[in-house]
Amino acid sequence: MSETHETESLPARANPELLGQEAAEAELLRSFGGGRLPHAWLISGPGGIGKATLAFRFARFLFSERRQADSLAMADTDPVFRRVASGGHADLLTVERQFDEEKGRYKKEIAVADVRRIAPFLHLTPAEGGWRIVIVDGAEDMNRYGQNAVLKILEEPPKQALLLLLTERPSALLPTIRSRCRMLTLPPLADPVVNRLLESHRPDLDAAARTGLATVAAGSIGRALDIAKHDGLSLLGQFLTIAGSDPIDWPAAHALGDKLASAAADESYHSFVQLLSDWLSRAVRDVGRGGQGNQHPDSIAGEKRLIEHLTGAGRLEQALEVWEKVNHLFARSDGANLDRRLTVISALHTVSAALR
């Protein structure tokens with residue numbers, strides 16, 4: 001999912017706040033202040049760290065006649081901010097994957113027809129006498145035809161036109177596209193920044209919940225909010241507690257499988273699968289470091305005992321095997337549309353067996 005849709009409460013185009021990406025903001029300001037602003041930027045980094053928020057922030061800055069010398073910030077009461085936030089600014093075009101109403105999910109690719117709107121848009125005279133700006137959110141979702149259409153624009157860029165390509169995977173773009181863009185790589189957010197943003201976006205969460213979310217979100221406020229929305233920490237805690245029980249609590253295992261396999265739990269299921277995969281990956285790293293990497297052992301129920309058990313037994317190879325098996329189980333289940341309840345139970349059995 002693109003960053004402009006990460007949080008239903010505050011889309012990136014309407015977000016006046018950007019924390020943890022001060023270096024990237026300073027780089028954009030230096031480039032503009034130097035009078036030689038590149039016609040295209042490739043802004044990369046993990047999902048949910050502020051790439052889209054930064055892009056819209058920069059667009060508002062360029063559209064404004066009241067720019068600050070040392071900041072891209074703009075009050076949300078400013079007319080330019082409001083027009084960008086509402087999608088009503090005539091000189092801004094956003095291209096991203098569209099929602100498929102019939103299937104109830106986002107399309108897998110950015111439509112080529114949407115990408116082909118970029119060239120005519122950028123060649124128009126700016127409606128407000130300044131810049132024409134296009135933001136492609138999730139540029140890795142363009143297929144080869146879409147990327148070739150972008151490449152033609154980059155080969156002969158119009159004047160006073162700016163193309164901002166946002167991507168989690170720069171390697172998915174053509175080398176010729178990457179070579180014609182100024183690269184700007186954003187790092188994951190520090191845990192205290194994620195915690196502070198959670199306090200702002202989810203004031204209903206207590207301090208322990210925020211700490212746990214910051215720990216598992218890998219520097220992504222978007223990921224932290226998604227986990228919180230789907231009660232991911234609780235689901236993962238239930239999974240780890242069941243896996244660590246001896247003997248395994250099979251009624252609880254089946255209850256968890258039923259909960260995640262219900263028709264209404266589709267988003268929760270996918271969020272849980274990603275969270276479990278991320279946790280297993282982190283557990284492998286912690287085991288490899290002798291348990292020293294596990295800095296927040298009480299943030300998830302059942303986590304501390306499992307990692308201590310694997311670490312104490314020196315089971316790095318076994319931890320790697322569990323991570324591979326569980327990821328394979330869920331990938332095969334999605335690919336063959338298998339019973340999700342049985343897949344969850346099989347994953348529980350795999351993790352539990354490693355602790356015996």
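Confirm whether Ile248 is assigned to a loop (DSSP other than H, G, I, E, B) and either more than 17 Å from the chain's Cα centre (by Cα) or farther than 22 Å from Leu10 by Cβ (or both).
Yes: the conditions hold for Ile248.
Checking Leu280 against (1) of a type outside the set (D, E, K, R); (2) modelled with pLDDT under 90; (3) over 20 Å from Ala217 (Cα atoms), which single condition isn't satisfied?
It fails just one condition, (3).
Determine if segment 295-308 includes at least one residue that is modelled with pLDDT under 90, closer than 24 Å to Leu342 by Cα and surrounded by fewer than 17 Cβ atoms within 10 Å (Cβ to Cβ).
No: zero hits.
Give Glu199, Glu267, Glu155 a once-over and let me know the one that is in the same structural domain as Gly20 (by TED's automatic domain parsing) and farther than 30 Å from Arg356 by Cβ. Before you say what the answer is, go through the steps one by one.
Working: Glu199 fails: in the same structural domain as Gly20 (by TED's automatic domain parsing); Glu267 fails: in the same structural domain as Gly20 (by TED's automatic domain parsing).
Matching residue, one of Glu199, Glu267, Glu155: Glu155.
Does Ile110 satisfy the condition of being buried (at least 21 other Cβ atoms within 10 Å of the Cβ) and in contact with a Lys or Arg (Cβ under 8 Å, 6 or more places away or on another chain)? If you could, list the steps in order and put the result at the bottom.
Details: buried (at least 21 other Cβ atoms within 10 Å of the Cβ): yes; in contact with a Lys or Arg (Cβ under 8 Å, 6 or more places away or on another chain): yes.
Yes.
May I ask you to list the residues in segment 213-230 that are surrounded by 19 or more Cβ atoms within 10 Å (Cβ to Cβ), at pLDDT 90 or above and part of a helix (DSSP H, G or I)?
Within segment 213-230, Leu213, Ala214, Ile221, Gly222, Arg223, Ala224, Leu225, Asp226, Ile227, Ala228 meet the criteria.
Out of all the residues in segment 137-152, is one or more within 22 Å of Arg57 (Cα to Cα) and not in a helix (DSSP H, G or I)?
Taking every residue of segment 137-152 in turn, at least one turns out to be within 22 Å of Arg57 (Cα to Cα) and not in a helix (DSSP H, G or I).
Looking for something acidic (Asp, Glu), modelled with pLDDT of 95 or more, exposed (fewer than 14 other Cβ atoms within 10 Å of the Cβ) and outside any strand (DSSP E or B) - is there at least one such residue anywhere in segment 19-26?
Yes, that holds for at least one residue.
Testing Leu164 on (1) more than 18 Å from the chain's Cα centre (by Cα); (2) touching a residue at least 40 places away in the same chain (Cβ under 8 Å); (3) not in a helix (DSSP H, G or I), one condition comes back false. Which one is that?
Result: Leu164 passes all but (1).
Can you go through Ala172, Ala161 and tell me which one is buried (at least 19 other Cβ atoms within 10 Å of the Cβ) and either farther than 15 Å from Ala24 by Cβ or at pLDDT 95 or above (or both)?
Values: Ala172 fails: buried (at least 19 other Cβ atoms within 10 Å of the Cβ).
Within the list Ala172, Ala161, the selection yields Ala161.
Looking only at helices (runs of 4 or more DSSP H) that lie completely in segment 32-129, which have at least 1 residues being at pLDDT 95 or above and touching a Phe, Trp or Tyr at 6+ places or on another chain (Cβ under 9 Å)? Reasoning before the result, please.
Details: elements: 51-63, 79-86, 112-115, 118-123.
Here the list reads 51-63, 79-86, 112-115.
Any idea how many residues of segment 174-193 are of a type outside the set (Gly, Ala, Ser) and part of a helix (DSSP H, G or I)?
In the first step, residues of segment 174-193 are kept if they are of a type outside the set (Gly, Ala, Ser); the result is 174-178, 180-189, 191-193.
With the extra rule that they be part of a helix (DSSP H, G or I), the set shrinks to 175-178, 191-193.
Number satisfying all stated conditions: 7.
Does segment 9-27 contain at least one residue that is in contact (Cβ under 8 Å) with a residue 24 or more places away in the chain, of a type in the set (Ser, Thr, Tyr) and closer than 22 Å to Leu198 by Cβ?
Taking every residue of segment 9-27 in turn, at least one turns out to be in contact (Cβ under 8 Å) with a residue 24 or more places away in the chain, of a type in the set (Ser, Thr, Tyr) and closer than 22 Å to Leu198 by Cβ.
The values are calculated or read from the model by the stated rules, or taken from the named source; none is laboratory data. As the structure is a prediction and not an experimental result, all values here were calculated from the model. With ideal geometry, Cβ positions are generated from the backbone for all residues, glycine too; neighbour counts draw on all protein chains shown.
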